[in-house]
Amino acid sequence: MSTQPSPAPDLSRLLDPRGVAIIGASTDLARIGGQPIKLLTEYGYKGKVYPVNPKYTEIKGLTCYPDVTAVPQPCDVALIAVAGHMVPGAIEQCGKAGIPFAVVLSAGFSEAGEAGKALNDKLLAAVKSSGVRVVGPNCLGVLNLDADFRLGFGGTLQLRTLKPGPIAMVTQSGGFGFGVVAVACYYGLGFNHVVSTGNEADLTALDWMEHLIERPDVEILTAFLEGTTEGKRLRRLGARALELGKPILIWKVGNTDIGSKAATSHTARLTAGYELFRTAFREGGFIEVQDVDDLVDYCKAFRARKLPKGRGIGVMTLSGGAGVLLADRCVARGLTLPRLADATREKLRGIVVAYASIENPIDTTAQGYNDNFASYTNTMREVLADPNIDAIVARSPRGNVAQVWAEGLVEMLQGCDKPLLLNWPTSPDDNRAAMDYLESHGVPCILAPGRTVDALAALADFAGKKRELEARRARGSKRAVAPQKLELKGTGTLGEHASKAILKAYGIPVTGETLLAADAVEKLATAPLPFPLAVKIESADIPHKTEAGVIRLNITTLDGLKQAAREVLAAAKAYKADARIDGILVQQMATGEEIIVGAVNDPHFGPLIAFGLGGVFTEIMHDVTHRYAPFDTETAKTMIHEIRGVKLLQGYRGKPACNINALADILSRLSLLAADHADRIAEIDINPLFVNATGVVAADALVVLKD
């Protein structure tokens with residue numbers, strides 16, 4: 001997938017305009033048409049402000065113009081705060097006036113039933129004819145705090161506590177998203193840019209995200225996302241963010257299917273809705289957040305500009321109980337607590353008291369009060385220098401010595417490239433000066449133990465994705481199989497025999513089998529394949545054979561083979577009288593652990609591969625993982641180790657380990673098949689795929705072609 005930025009519009013002038021026209025300006029500065037004038041004139045904006053309303057000649061000491069075409073140039077943005085039915089005309093006037101951007105606060109469009117949708121169509125026509133790019137409608141506005149530019153309305157925009165900083169937010173919910181920014185600013189986080197996208201009649205959240213991620217004044221991008229149909233673009237954005245080393249903290253809500261889907265295959269039922277987004281977030285520079293605390297804590301952690309080189313964590317406390325708690329949370333988040341090197345342990349014995357613990361977690365005890373916690377800092381220095389440790393999570397001291405200790409810690413950390421996150425052990429206003437000092441010098445202070453570990457895990461996850469990107473680049477683009485030409489004629493579901501022929505073309509092993517005419521089975525003098533055998537109906541009209549009762553397994557005699565053929569034929573006619581019967585499929589039995597793998601070609605996100613253990617693991621436990629196609633065998637191995645049931649494949653209770661390398665190869669080949677023929681293949685289902693110590697074989701398969 002190309003990761004170069006797509007040709008998104010240049011929104012620089014919208015964020016830093018030389019002049020702003022307020023269409024629908026009000027003399028009442030508390031009204032929606034008046035608040036923007038107050039914000040632009042009282043909060044430091046240095047550009048020109050042009051009220052537009054034919055009722056007035058002056059508002060707040062500013063000349064008020066009868067229409068936007070009378071506004072002096074240069075004017076880069078129009079804010080529109082008029083009744084909805086007047087908006088299309090206002091947009092057309094902006095085009096005539098040479099104003100390239102408009103922010104539409106007005107509501108009553110696509111969110112307001114059929115009449116609103118009709119009005120939205122008129123707005124879109126005006127956008128197309130005028131060439132004006134539009135934010136909204138039904139949005140709260142745009143912030144650029146670095147330029148003191150506040151364009152919109154609402155309580156958050158009027159807060160004097162907001163401050164600039166290297167974070168940006170794009171939110172599809174203006175009121176909620178702006179409220180989150182206010183909370184984050186309370187905790188010391190600065191946002192250069194905040195954008196409410198509203199109904200996204202024109203400019204979308206992804207337009208803004210693509211623009212902001214490229215800006216040098218943005219180090220962390222946050223997004224509150226309800227949905228998008230631009231899944232492939234979202235994936236490209238994630239890849240670009242990873243290349244740039246800029247995390248996107250994404251808060252996805254409304255996690256339902258983004259569109260209707262006729263799920264013919266089992267795989268399709270496992271890949272709807274949120275799974276599409278979650279898989280996109282997993283592969284790119286996204287870090288998911290679930291609440292305001294996550295967003296605040298993760299921003300604090302990333303703002304320190306230090307990433308761990310691995311997942312080995314040193315846990316340091318002044319209390320044994322806190323150390324156990326932090327250690328438990330580290331393990332739960334996939335972090336490890338390595339044993340300290342012998343050389344480190346030897347140095348620590350000369351620093352801490354005899355009854356302190358120098359295991360990991362490290363408990364230096366409360367003896368630090370006797371030396372203003374200088375020994376605690378010295379212990380941190382040695383642990384950070386340990387080759388087994390990639391980062392530290394530590395409890396902070398409190399009390400009268402906190403400030404002195406904080407200054408010593410900051411001095412010690414100079415030149416250290418390993419992250420250190422502090423779990424603040426008391427209320428935020430207790431030793432607040434020390435906390436502010438630490439955070440201003442790049443030491444994140446987070447309130448709850450679990451939250452501190454979660455923030456550290458976010459750093460480790462992002463760093464791990466960067467390492468995976470580098471590893472993929474180093475491996476190159478070697479394919480498991482070259483692109484194959486396939487005769488994919490017709491539409492809809494193919495029979496099992498035809499489906500397996502497609503798999504075989506990509507080197508995916510299938511069971512030995514033969515397709516016989518229905519009346520040919522009765523004439524058999526010998527079995528066409530060695531026993532034991534399976535007998536199935538071959539019919540594109542019966543994709544789910546088990547439900548139809550058209551499978552018989554473990555047939556061991558010729559008479560049993562003939563009887564099974566009669567039974568499945570009768571079951572097929574009873575299940576669907578008009579089903580096309582292409583014959584009786586006789587195939588060899590397969591053994592091993594049951595796997596389900598498949599592909600779904602989502603129209604918005606592209607081909608997605610699903611992998612999981614079969615049976616109850618899929619149906620009840622939903623032990624399934626996903627990746628977008630194509631991918632290599634190393635990525636496939638990562639997938640395999642993500643499922644909870646991987647231990648069943650690694651050998652248990654005396655069973656030999658399954659051939660995971662062969663399984664990874666098949667997953668990669670399936671991903672190439674789905675990607676190479678995405679224009680024709682809608683779904684692929686291999687269920688079951690058997691894997692054992694010697695290899696892998698597909699026992700059943702279903703391919704669905706696009707209409």
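Within the set of pairs 6+ apart or on separate chains, which have a first residue in the stretch 479-501 that is over 19 Å from Arg669 (Cα atoms) and part of a loop (DSSP other than H, G, I, E, B), a second that is open to solvent by less than 40 Å² (accessible area, probe 1.4 Å) and among the charged types (D, E, K, R), and C-beta atoms under 8 Å apart?
Short answer, once both residue conditions are applied: Gly495/Glu538.
Of everything in the stretch 484-497, what is among the small types (Gly, Ala, Ser) and open to solvent by 40 Å² or more (accessible area, probe 1.4 Å)? Give them in sequence order. Before you say what the answer is, go through the steps one by one.
Going residue by residue through the stretch 484-497, those that are among the small types (Gly, Ala, Ser) are 490, 492, 495.
If the condition is that a residue be among the small types (Gly, Ala, Ser) and open to solvent by 40 Å² or more (accessible area, probe 1.4 Å), then Gly490 is the only one that fits.
This table checks each residue for (1) farther than 17 Å from Glu219 by Cα; (2) at pLDDT 95 or above; (3) open to solvent by less than 10 Å² (accessible area, probe 1.4 Å).
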position	(1), (2), (3)
Glu288	no, yes, no
Val296	no, yes, yes
Arg305	no, yes, no
Gly312	yes, yes, yes
Gly323	yes, no, yes
Thr336	yes, yes, no
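Restricting the stretch 58-82 to residues that are touching a Ser or Thr at 6+ places or on another chain (Cβ under 7 Å) and part of a loop (DSSP other than H, G, I, E, B), which is nearest to Leu39 (Cα to Cα)?
In this case the residue turns out to be Lys60.
Residues that are more than 34 Å from the chain's Cα centre (by Cα), modelled with pLDDT of 95 or more and open to solvent by 20 Å² or more (accessible area, probe 1.4 Å): does the stretch 98-106 have at least one?
Kept after step one, since they are more than 34 Å from the chain's Cα centre (by Cα), are these residues of the stretch 98-106: 98-99.
Among the residues that remain, those that are also modelled with pLDDT of 95 or more are: 98-99.
Filter again for open to solvent by 20 Å² or more (accessible area, probe 1.4 Å), leaving 98.
So far as the stretch 98-106 goes, yes, one or more of its residues are more than 34 Å from the chain's Cα centre (by Cα), modelled with pLDDT of 95 or more and open to solvent by 20 Å² or more (accessible area, probe 1.4 Å).
Identify, by number, the condition in (1) surrounded by fewer than 18 Cβ atoms within 10 Å (Cβ to Cβ); (2) within 36 Å of the chain's Cα centre (by Cα); (3) not hydroxyl-bearing (Ser, Thr, Tyr) that Lys500 doesn't meet.
Going through the list (1) surrounded by fewer than 18 Cβ atoms within 10 Å (Cβ to Cβ); (2) within 36 Å of the chain's Cα centre (by Cα); (3) not hydroxyl-bearing (Ser, Thr, Tyr), Lys500 breaks only (1).
Among the numbered criteria (1) within 40 Å of the chain's Cα centre (by Cα); (2) over 15 Å from Gly312 (Cβ atoms); (3) modelled with pLDDT of 95 or more, which single criterion is violated by Leu420?
(2)
Considering only residues of the stretch 201-232 that are under 22 Å from Arg473 (Cβ atoms) and open to solvent by 30 Å² or more (accessible area, probe 1.4 Å), which is nearest to the chain's Cα centre (by Cα)?
Lys232
In this structure, is Lys246 outside any strand (DSSP E or B), surrounded by fewer than 19 Cβ atoms within 10 Å (Cβ to Cβ) and in contact with a strand residue (DSSP E or B) (Cβ under 9 Å, 6 or more places away or on another chain)?
Working: outside any strand (DSSP E or B): yes; surrounded by fewer than 19 Cβ atoms within 10 Å (Cβ to Cβ): no; in contact with a strand residue (DSSP E or B) (Cβ under 9 Å, 6 or more places away or on another chain): yes.
No.
Just one of the numbered conditions (1) open to solvent by less than 10 Å² (accessible area, probe 1.4 Å); (2) under 20 Å from Ala463 (Cα atoms) is not true of Leu340; which one?
Only one criterion is unmet by Leu340, namely (2).
If you check Leu558 against the conditions, is it at pLDDT 95 or above and either crowded, with 18+ Cβ neighbours inside 10 Å or within 18 Å of Ala698 (Cβ to Cβ) (or both)?
Answer is no for this residue.
Do we find that Arg627 is part of a strand (DSSP E or B) and either crowded, with 19+ Cβ neighbours inside 10 Å or without any contact (Cβ under 8 Å) to a residue 12 or more places away in the chain (or both) in this structure?
yes
Can you tell me which residues in the stretch 357-372 are out of contact with any Lys or Arg (no Cβ under 7 Å at 6 or more places or on another chain) and either of a type in the set (A, V, I, L, M) or modelled with pLDDT of 90 or more (or both)? First the steps, then the outcome.
Residues of the stretch 357-372 that are out of contact with any Lys or Arg (no Cβ under 7 Å at 6 or more places or on another chain), as a first pass: 357, 359, 361-372.
Hits for the stretch 357-372 are Ser357, Glu359, Pro361, Ile362, Asp363, Thr364, Ala366.
If you scan the stretch 581-624, which residues turn out to be open to solvent by 40 Å² or more (accessible area, probe 1.4 Å), aromatic (Phe, Trp, Tyr) and more than 28 Å from Gly512 (Cβ to Cβ)?
Result: no residue meets the conditions.
State which residue is farthest from Ser130 (Cα to Cα) when the search covers only the stretch 42-82 and only residues that are open to solvent by 40 Å² or more (accessible area, probe 1.4 Å) and of a type in the set (Phe, Trp, Tyr).
Restricting to residues being open to solvent by 40 Å² or more (accessible area, probe 1.4 Å) and of a type in the set (Phe, Trp, Tyr), the top hit is Tyr56.
Residue by residue, here is whether (1) surrounded by fewer than 22 Cβ atoms within 10 Å (Cβ to Cβ); (2) on the phi < 0 side of the Ramachandran plot; (3) free of Cβ contacts under 8 Å to residues at least 12 places away in the same chain; (4) not in a helix (DSSP H, G or I) holds:
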{"residue": "Cys658", "(1), (2), (3), (4)": "no, yes, no, yes"}
{"residue": "Ala662", "(1), (2), (3), (4)": "yes, yes, no, no"}
{"residue": "Leu673", "(1), (2), (3), (4)": "no, yes, no, no"}
{"residue": "Ala682", "(1), (2), (3), (4)": "no, yes, no, yes"}
{"residue": "Asp685", "(1), (2), (3), (4)": "no, yes, no, yes"}
{"residue": "Leu702", "(1), (2), (3), (4)": "no, yes, no, yes"}
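For a quick check of your reading: which strands (runs of 3 or more DSSP E) sit entirely within the stretch 125-186 and have at least 1 residues that are in contact with a Phe, Trp or Tyr (Cβ under 6 Å, 6 or more places away or on another chain) and in contact (Cβ under 8 Å) with a residue 40 or more places away in the chain?
Ranges flagged: 133-135, 149-152, 167-171.
Limited to the stretch 233-243, what total is found for residues that are under 23 Å from Ala458 (Cα atoms) and either open to solvent by 30 Å² or more (accessible area, probe 1.4 Å) or outside any helix (DSSP H, G or I) (or both)?
Number satisfying all stated conditions: 3.
For the stretch 528-548, which positions are crowded, with 16+ Cβ neighbours inside 10 Å and out of contact with any Ser or Thr (no Cβ under 6 Å at 6 or more places or on another chain)?
Hits for the stretch 528-548 are Leu529, Leu533, Ala534, Val535, Lys536, Ile537, Glu538, Ser539, Asp541, Ile542, Lys545, Ala548.
Residues of the stretch 375-394 being within 19 Å of Gly450 (Cα to Cα) and either at pLDDT below 95 or among the hydrophobic types (A, V, I, L, M, F, W, C) (or both), which ones?
Once the filter is applied, which keeps residues that are within 19 Å of Gly450 (Cα to Cα) and either at pLDDT below 95 or among the hydrophobic types (A, V, I, L, M, F, W, C) (or both), the stretch 375-394 yields Ala391, Ile392, Val393, Ala394.
Tell me, yes or no, whether the stretch 505-521 has at least one residue that is touching a residue at least 12 places away in the same chain (Cβ under 8 Å), in a loop (DSSP other than H, G, I, E, B), of a type in the set (Ser, Thr, Tyr) and within 20 Å of Asn687 (Cβ to Cβ).
Looking for residues that are touching a residue at least 12 places away in the same chain (Cβ under 8 Å), in a loop (DSSP other than H, G, I, E, B), of a type in the set (Ser, Thr, Tyr) and within 20 Å of Asn687 (Cβ to Cβ), one finds at least one in the stretch 505-521, hence yes.
Hey, does the stretch 472-483 have a residue that's crowded, with 17+ Cβ neighbours inside 10 Å and of a type in the set (Val, Ile, Thr)?
no
Condition first: over 31 Å from the mean Cα position of the chain (by Cα) and either in a loop (DSSP other than H, G, I, E, B) or in contact (Cβ under 8 Å) with a residue 40 or more places away in the chain (or both). Now tell me which residues in the stretch 109-124 satisfy that.
Of everything in the stretch 109-124, just one residue is over 31 Å from the mean Cα position of the chain (by Cα) and either in a loop (DSSP other than H, G, I, E, B) or in contact (Cβ under 8 Å) with a residue 40 or more places away in the chain (or both), namely Leu123.
Could you list, in sequence order, all residues of the stretch 352-378 that are in a strand (DSSP E or B) and surrounded by fewer than 21 Cβ atoms within 10 Å (Cβ to Cβ)?
Ser357
Looking only at the stretch 379-400, which residues are more than 17 Å from Ala463 (Cα to Cα), in a loop (DSSP other than H, G, I, E, B) and in contact (Cβ under 8 Å) with a residue 24 or more places away in the chain?
Initial filter on the stretch 379-400 (more than 17 Å from Ala463 (Cα to Cα)): 379-387, 394-400.
Filter once more, keeping what is in a loop (DSSP other than H, G, I, E, B): 386-387, 396-400.
Those that are more than 17 Å from Ala463 (Cα to Cα), in a loop (DSSP other than H, G, I, E, B) and in contact (Cβ under 8 Å) with a residue 24 or more places away in the chain: Asp386, Pro387, Ser396, Pro397, Arg398, Gly399.
Which residue out of Glu111, Glu58 is of a type in the set (Asp, Glu) and at pLDDT 95 or above?
Selected residue: Glu58, the only one of Glu111, Glu58 that is of a type in the set (Asp, Glu) and at pLDDT 95 or above.
The values are calculated or read from the model by the stated rules, or taken from the named source; none is laboratory data. Fair warning: this is a prediction, and the values are worked out from it, not measured in the lab. All Cβ positions, glycine included, derive from the backbone under ideal geometry; neighbour counts span all protein chains shown. Protein only, heavy atoms only, side chains kept; ligands, DNA and RNA dropped before computing areas. Shrake-Rupley method; radii C 1.70, N 1.55, O 1.52, S 1.80 Å.
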